[in-house]
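A.B. asks: Next up is a structure, given as structure tokens.
Just so it is clear, none of the values below were taken in a lab; they were calculated from the coordinates. Note that the coordinates shown come from a computational prediction; the quantities given were computed from them, not determined experimentally. Here Cβ is always computed from backbone atoms with ideal geometry, including for glycine, and neighbour counts include all displayed protein chains.
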């Protein structure tokens, strides 16, 4: 189990990207490419087409801030069980979310 955890965390760090790289990825998206923001909370990615979060109300995870959707489609779901077909989105943003999940490794597998 410990080796499996180490392998998964190693993959996670390998896939982790810098803010500069994330901005670059957003800049090369084509018109019509869909972007999902997982754990969008009170500060969703402006380019996201679909937002999802587990909590609708203010909570400790958001420091009491209200959920913001800016009129975009919003899905209540867990990062561990995303209700979308694989490859539905050109880019999936998940920033500062995994540490708040009950099963971060499962969430990581769902996102990759």
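A.B. asks: Considering only residues of the range 91-105 that are part of a loop (DSSP other than H, G, I, E, B) and touching a helix residue (DSSP H, G or I) at 6+ places or on another chain (Cβ under 7 Å), which is farthest from residue 60 (Cα to Cα)?
C.D. replies: 94
A.B. asks: Right, next: Restricting attention to the range 40-66, and to residues there that are touching a helix residue (DSSP H, G or I) at 6+ places or on another chain (Cβ under 7 Å) and closer than 19 Å to residue 80 by Cα, which single residue is surrounded by the fewest Cβ atoms within 10 Å (Cβ to Cβ)?
C.D. replies: 55
One line per residue, one yes/no per condition, for (1) over 12 Å from the mean Cα position of the chain (by Cα); (2) more than 25 Å from residue 20 (Cα to Cα):
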position: 47; (1), (2): yes, no
position: 52; (1), (2): no, no
position: 71; (1), (2): yes, yes
position: 84; (1), (2): yes, yes
position: 91; (1), (2): no, no
position: 94; (1), (2): no, no
position: 97; (1), (2): no, no
position: 106; (1), (2): yes, yes
position: 110; (1), (2): no, no
